[in-house]
Each structure stands twice: as C-alpha cells, then as structure tokens.
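The values are calculated or read from the model by the stated rules, or taken from the named source; none is laboratory data. Bear in mind that the values here come from a model prediction, so they are computed numbers and not experimental data. Positions of Cβ are generated from backbone atoms using ideal geometry, with glycine treated the same way; all protein chains shown enter the neighbour counts. Calculation scope for accessible area: heavy atoms of the full protein, side chains included, ligands and nucleic acids excluded. Shrake-Rupley method; radii C 1.70, N 1.55, O 1.52, S 1.80 Å.
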Amino acid sequence: MRRTRHRALVQGIAGLFAVSLAFLLLATSQCFGAPANPSPTNIFRPSSTPADEVFHISIFVLIIAALIFAVVFCLLVYSLVKFRRGPDDDGREPPPVYGSNQVELAWTVLPILIVLVLFLATARVIHSVEDAAKPPAAVAVIAIGHQFWWEFRYPSVGIVTANELHVPVSDPAHPTPTYIELRSADTDHSFWIPRLAGKTDLIPNRTNSMWIDPHEVGIYVGQCAQYCGTQHAKMLLRVYVDTKEQFDRWAREEAQPARVGDTVNQGRRVFETTACINCHAVSGTVADGRFGPDLTHLMSRDTIASGAASNTHENLRLWIHDPEAIKPGSLMPAMQLSDQDLDAVTAYLETLR
Amino acid sequence: MSSDSIALNPALESTRPIGDRLHDWVTTVDHKKLGILYILYALVFLVIGGIEATIMRIQLIVPHNHFVSPQVFNEMFTMHGTTMIFFVAMPIMFGFANYLLPLMIGARDMAFPRLNAWSFWLAAFGGLLLYFSFIGGNGLYGAGGAPDVGWFAYAPLTARVFSIGHSTDFWTLGLLVSGIGSIGTAANIAATVLCLRCPGMTLGKMPLLAWMNLVMAALVLLAISPLTAAQIMLSLDRYLGAHFFDTQAGGSAVIWMHFFWIFGHPEVYVLVIPAFAFASEIIPVFSRKPIFGYPVMVAATVAIGFVSFTVWAHHMFTVGMSSYANSFFTISTMIVGVPTGIKIFNWIGTMWGGKIEFKTPMLFCIGFLFQFLIAGLTGIMLAVAPFDWQLGNSYFVVAHFHYVIVGAILFALFAAFYYWFPKMSGRMYNERLGKWHFWLFLIGFHLTFDFMHIPGLLGMPRRIYTYEPGRGWDIWNLIITVGVFFQAAGILLFVCNLLWSRIKGPVCTSDPWDAWTLEWSTSSPPPEYNFAAIPVVRSRRPLWDIKHPEDPDWKYE
Ligand SMILES: [Cu+2]
C-alpha cells in the first residue's frame, strides 16, 4: 500500500516535470520573419583585419593554455591515482614533506616566462589594431547608439540612416577601410560585429573609434554588447559590405531627399499631423524629429526596429499599430491610429525608397 | 592542550523554552553563533539567487521564449548578481571566518564581539533593503520594481532619467549598509588574527586559513571603501543634483566604471582567497601530509592581494582606453596568474606522496582544483586585451566567472561545509548523500558552464532576454539550462543532508578527521568559551605534535 503510493508520487513528479518541460519548449511564440541571410557570428571566422589579428593571437593563447592544461591536468590525475589510499593500507602516516625551494623556484620562474611571451605577443596586436594609421581613402562613419537602435551618419556625403550600415569592401591592394566614430545619445552601448572586429563601447560624453576593412562582400550581423536597458536584446546590428560600385550607388540614392508621390497624400498628412514628426525625420518634408530613426529611405532597409523584424508590409503596419508587439519596451509609443489612418501611413512609408 | 573542556549538559540546553533560545540567537555576540547566523542567512539567499538564475535559464532555453518579460528578465539578472556576490558569497565567507578563526588560533572569541553582532545585523538589513525593492521600488512614479540596472549598475542607467522610481535607491542603500557591515567584519578579522593568537603561535605558525583570511580582510577594507564612496556619490547625483555620473549634465560614465571595478576586481579575491583557505586546510588532512611550501603559500597570497589592486581596468578593455593602458592592464592581469599557479602546484605537491582519502570534502576540493585550473586559463585568455575585445560581455565571460565563483569558490565552500559540519553540529553528515551531491552537482556544473563558453565564441552577448533562432546558439542554450536542473537537485540533497544530519546524524567525536589544527582539540560543538585553558602551540600542526610526540613538527619547521 505504502509502496504503491510512493511509486505514484514519483511518477506524478516525473510527469509534472516532463509536462512542464514540454510546455516550455512549446512556449515559443511568433517570430517576425528571420531577417534575410544572417551569417554566423563566429569569432573564429574573421573577415576583416582587426578580427583577423584577434583570431591569430587567440589561437596562440589557446594553444599555450591547452599545453598548460594538459601538463597540470596530468599531474593532478597522476597524483590522485598514484597516491590514493589503497584498500590494504597499513594506517601509517606518509612521511611529511614541508616543501622544496628548488621546486618552488622552478614553478615560479616558468610561469613568469610564459607570461612574458604572452604579453609581448599581445602588446604587438594591441598596437597594430589600436594605433593603425588611417589611410586617406578611408570611409568615415559616425555611429550613435540610442536606446535601442543605431544611427549612422556619413558626414562627408550627408547621409543619415539607421540600423543597417553600408560599407565598401576593402581590397588589400587598395585598402578602403571604414573608420567608425562611436558616440551615444543616452546610455552605454557596444558595437560588435564578431566577424569584422572586436567590440568597442559607445559611451555618452565620450568619443570612441574603431575601424574595419571587410575582405568579402556580404551581410555581417552582430548586436549591442553592453547592457543598455529594457530592449538591449533586440538592438541588433547589420553591416552590408558592398562592392565599390554598389556602395557608391547606395550612397548616391541615400543622399537624395525623399521622393514623395501624390498617391499617398492622406498617409503623408496623417504622418505630418501626428507626433510621428517629433521623433522621425523624412528629409525634404516637415518631418525633422531626431529621437527615432530617420525614415527618408526606410524602404531601402531589410529590417525595422533594429533588426527585430523584417521590413514587410505586415510587420511595418503592426509596428506602427503597436511597437510593444514586436519589441516590448521600445521607446516608440503606440499612436492609437484608426485602421484607416494606419493603412494610409503604412502606404506613405512604403513609398520612402 | 585543552581537549578537556568543561562539558555543558546538552539535555539542559534543549529543555529551555524556545523563546529564550531564540532570544539568545538574536542578542548573541558569540562568534560561533554569529558565524552560523551568517551562514544560514547566506544559504537562504543562495536559494533565492538560484531561483532567479533558474528563471533566466528557463527563459533562454529556446529562442523567442515568452516565459518572462524583458523587464522581469533584467530584474532577475540584476538581483541574481547582486544577491550572489553581496548576500551569499561574502556573508558565507564571513560566517566561516567568524566561526573558525578564534577556534583555529586558540582564542575565546573575535576581538570585538559587539562589533561582530552589529556587522552581521547590518548585512542582514542590507539584504532586506535590497529585496524590499520588489514591493517598494515603484515609489510614487508607479514605475520600477526590483532594480534592473545590472549588478555593476553602469552609469548613466542609474541616473534619474533612466531609472525612475526607487529601485536603484534600494540597490544603492542595500549595498551601502551591508558594505559598512563588511568593513566592520574585516576590521574585526584583522584585529583577531593579529592580536588574539594563543601563546607560541607566531605569524609563521598560524594556520594558512588565518593568513588567508587576514589578506581577505585587508582587501575588504581597501575595496569596499571605493564602492561605498561611489554609492554615496550616486545618491548625491540622484537626490541632490550632483553630476558625478550623470552624463546628461556632463558627468562621466567611465568614472563610475573605475570606481566600481577598483572594488569589483579585488572583490573576486575577497571571495576566492577564503576558498583557497579551505582547500589549504582540507587537502593536507585528506592527503595525510602537511601543506607543501607554507611560506610560499603565504607569500603568494599576499602577492595576489597586492596585484589584485592593479588590474581593475581589464573589465574595461572595450571602453576605448589607449594602447598603453590596455597593455598595462594586460600584463598586470597576467601576473596574477603566477602566484595563482604557484598555489595550484603547491596543492598538488601536498597530495604528492600522500595517502589520499576520497571523502566528500576531499572530492569537492579536487573539483575545486580542476575547475580553478580551467577558470585561471580562461582568465588568461580574457587578460589578452584583443581577445577580450571579442569575448568581453559575451557568454564566454559569463562562463569564465561562473567557473571561478561556482566551480572554484562554491566547490571549496561545499568542501568546507562537509569538513566542519561535525565540528559545528557535533554530528556526522551522511557520506553517501554527500557523494551523490558531489556527482550531481559536478555533472550539472559542467553541463551548464562548459557549454556556456560556446555561445560566447559564437557572438552571443550576455544580458539578453531572448535571441533569434538560426544563430547557432539554440542547442547550447538548451544544454546549459538542462544542467541547471542537475545543480538544483544537488543543492536539494545538500540541504536535506545538513538538516537530516543535524537532527539524526550519528554523534561524532571532537576530532573525526584525525586533523591537526586547534579547532579539533575542543569538543564538537565547542563550548561557548571554546577552550577551558588557552592552548600553547609550538608548530603549525599542534595536534600532530600531541599525537606524535616521537616525531613532532616543531623539530623541522
Ligand atoms: Cu545597446
């Protein structure tokens, strides 16, 4: 009787455990379309000089660490096996050994030498990444971290855009690296594209900088790496490495003011008579807010809300209707628009190419 | 020797009304009772912090999970970190120091018993203040709740504009108050070790545990002060319009980082040096050999203490320091590896040629050694500034410091629990349950924290409440979370073992391990006055000298 109750209890607990685990696994809900083509963010697949340099030093450090581990681990296991008390122990105390100066000296000097070697190798990389001379052909970008999105400015060509950074591929023979000046509008953030370079923080009241010289065209993803508030997790980052021609074309387009047709007058009116324009800019119109992303060429971007959703009609409409549904805690308020206004505004935004 | 303590009648003790006994505990100034209070208090918070960690891990088990909201997740990691460091690890170390130091140096109490009680109750009050934020953090603004600024609370997230309500204030006040308690305890420990050693116990003859706690106390005194100062400055910012860290008014976010990490890095050693102390007492006893290279161990500890104050900015390799500063903090951090390595070798040297007995305390010490070795090596990787540009603030770092705090410190703590439990309770723990605890926890630990390195290498930053599928992180996060349940099962066995053994465990002698330091010369549990007659010692292993009069240590030391 008692036994069966026991068994039932155990089964009950196990069942509960299994059910809750299954429930958790199913608890995943809608995801707003995986953004196109996110490449892996493996730090061991570098594609730009700073990431390359880090990769080489890290392999060197890993090898040394592995060697140290192997030696000490073997010593540890050997002494555990060799010196364990046997079953037929005579109960006598082993001879006490209080220490040995030679041995201590050996295992002091050896680590010091290892540290010296590691340090010299490291200092070389620090110098070559941080103190690299800026070539004249370098592209200059200013990245400004906001809670929870990225603003990018190209001061020499007058472009302001958001979340998706375009840079030209850099041919080692004629390097065209991109130098990024890092600033913050509010809290700390950190710019991290693992395949292009290590991270550098964006700190208010401070100007940092970093550089990349991507060797291959493609899309490189990363994300904010310094906790910056509620939606730190969805502060994603995409770098588009274009060919020289693609990049120039993109830059030309992006420098144009918005081309707004008459077909979307109603949407434009809604946009320009609600608070949207306090926060968003559309160049060439009255909208010149700077709190949120510049929308002049919104439709040239693959994603919205800093990579939180792909830039489709449904997502865009949902975003304007209720940003919380896509990115809870984002600083864009739901504007309580009627369905009609919502459709009109979405249509207007969709002309901003 | 004072093995002949005046026995109190235990039956008499247990017949006293419960109210009286409770009153005793609340008003006690006895170092043993305060030690146990510290430990129990920390264990309660350990369970709370563990639950917070479990909530986070459940949220991250699959991509796009909706178990908790981002807000709650952020509160969880803030509370988890703050709780584990300030209200688990520190008080538990203070608890053991309180309990053991007077016994091990042949004293009747700590140097300042009333200060001791005051420090404990301050620490306890600090913890309550922090947790009161769950109720009171809303303040008049209706926003807030528990703090969500991260355990290192980087400015300007703590400024009034970004942190409305009172949650940050509870965080600040909790740490401020418990910090004052920590400073009191540290002064007490230093005074006790320096002034109350029994006759014959010169500095060179005191147990390594005493040495290491002395260094720990010095670190607390030096490290908590900048933290306290920073908390006061933050409060001034928030309420009197000062602009130390308020970047919107020209303050500096980086200054906060310096203040925090000049505390934060030595803090790691505040926690790990007592863990070294446990290993240095337990490994010799279960290897049946004296510690190898005592003077070198002391020197290495003191060296770590000094060097630990020169490395803080390795937490800031990504804030854009000059190449010279980055190089300096690289080398200073790597140098810590030298005395630390020496220690590992000395522990192995102690086992070498011994007769190792794998009782639960020793098993945990071996786990400690193995995991501390790996933690040290990943530490060297993070010391390489360029490597840190990639690894910093990623899950690799999270794995690294949990290897230190769980893999090394918590394992050493479990060893200490099992080793001194018979002394504290007068009863033996259950060896079988202890071994189950060890293996379950070991498996859980490695499932969780070995695999946690990998998403870091794959670009997963810490402190994100969710992630998108297809980044190659899913499977690792699943494994990490599964490990948590093994660890929880281990902890459950541990708590059961303690409770059960406290009530039903077999009564044990004063010296169940055939050990050599003074605490084993008095009864288990020791009487209030510890020793009927103050002992006199001639070597580092006074009980060895008594047990082996034909071959005493003092002839060789
Ligand atoms: Cu951010």
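A few comments on the model shown:
- Condition check for A:R183: within 16 Å of the ligand (Cβ to nearest atom), more than 24 Å from A:S310 (Cα to Cα) and more than 8 Å from chain B (Cβ to nearest Cβ): yes
- Note on segment A:61-91: residues that are more than 9 Å from every other protein chain (Cβ to nearest Cβ) and under 28 Å from A:V125 (Cβ atoms) total 4.
- Taking segment B:359-373 as the range and being more than 7 Å from chain A (Cβ to nearest Cβ) and open to solvent by 10 Å² or more (accessible area, probe 1.4 Å) as the test, the residues that pass are B:K359, B:L363, B:F372.
- Scanning segment B:415-463 for residues that are surrounded by fewer than 23 Cβ atoms within 10 Å (Cβ to Cβ) and either within 14 Å of another protein chain (Cβ to nearest Cβ) or on the phi > 0 side of the Ramachandran plot (or both) gives B:G426, B:D450, B:H453, B:I454, B:L457, B:L458, B:R462, B:R463.
- Flag for A:R195 being in contact with a Phe, Trp or Tyr (Cβ under 6 Å, 6 or more places away or on another chain) and either near the ligand (Cβ under 9 Å from one of its atoms) or outside any strand (DSSP E or B) (or both): yes
- When residues of segment A:206-225 are limited to those that are among the polar types (S, T, N, Q) and more than 16 Å from the ligand (Cβ to nearest atom), the one farthest from A:I43 (Cα to Cα): A:T207
- Some residue of segment B:484-500 being free of Cβ contacts under 8 Å to residues at least 40 places away in the same chain and more than 24 Å from B:L208 (Cα to Cα): yes
- Restricting attention to segment A:193-219, the residues being more than 7 Å from chain B (Cβ to nearest Cβ) and open to solvent by less than 10 Å² (accessible area, probe 1.4 Å) number 6.
- Candidates B:G250, B:G165, B:G204 - the one that is open to solvent by 10 Å² or more (accessible area, probe 1.4 Å), more than 27 Å from the chain's Cα centre (by Cα) and not polar (S, T, N, Q): B:G250
- Residue satisfying condition, being of a type in the set (V, I, T) and either over 22 Å from B:N393 (Cα atoms) or within 16 Å of the ligand (Cβ to nearest atom) (or both), within set A:V157, A:V129: A:V157
- Scan of segment A:226-275 for residues that are away from the ligand (no atom under 16 Å from the Cβ), among the aromatic types (F, W, Y) and buried (at least 21 other Cβ atoms within 10 Å of the Cβ), ordered by number: A:F271
- Taking each residue of segment B:337-353 that is open to solvent by less than 10 Å² (accessible area, probe 1.4 Å) and looking for partners that are of a type in the set (K, R) with beta-carbon atoms closer than 6 Å, six or more apart or interchain, yields B:T350/B:K289.
- Total residues in segment B:35-73, condition in contact with a helix residue (DSSP H, G or I) (Cβ under 7 Å, 6 or more places away or on another chain) and under 12 Å from B:T466 (Cα atoms): 13
- Among the candidates B:I304, B:I283, B:I262, B:I344, the residue that is β-branched (V, I, T), part of a helix (DSSP H, G or I) and within 10 Å of another protein chain (Cβ to nearest Cβ) is uniquely B:I344.
- Residue among B:G142, B:G174, B:G179 that alone is more than 14 Å from chain A (Cβ to nearest Cβ) and either open to solvent by 30 Å² or more (accessible area, probe 1.4 Å) or modelled with pLDDT under 90 (or both): B:G142
- Inter-residue pairs, beta-carbon under 8 Å, first open to solvent by less than 40 Å² (accessible area, probe 1.4 Å) and in segment B:503-532, second among the polar types (S, T, N, Q) and not in a loop (DSSP other than H, G, I, E, B), 6+ apart: B:G505/B:S425; B:D511/B:S521; B:S524/B:S425; B:F531/B:S521
- There is at least one residue in segment A:334-351 that is buried (at least 16 other Cβ atoms within 10 Å of the Cβ) and within 28 Å of the chain's Cα centre (by Cα).
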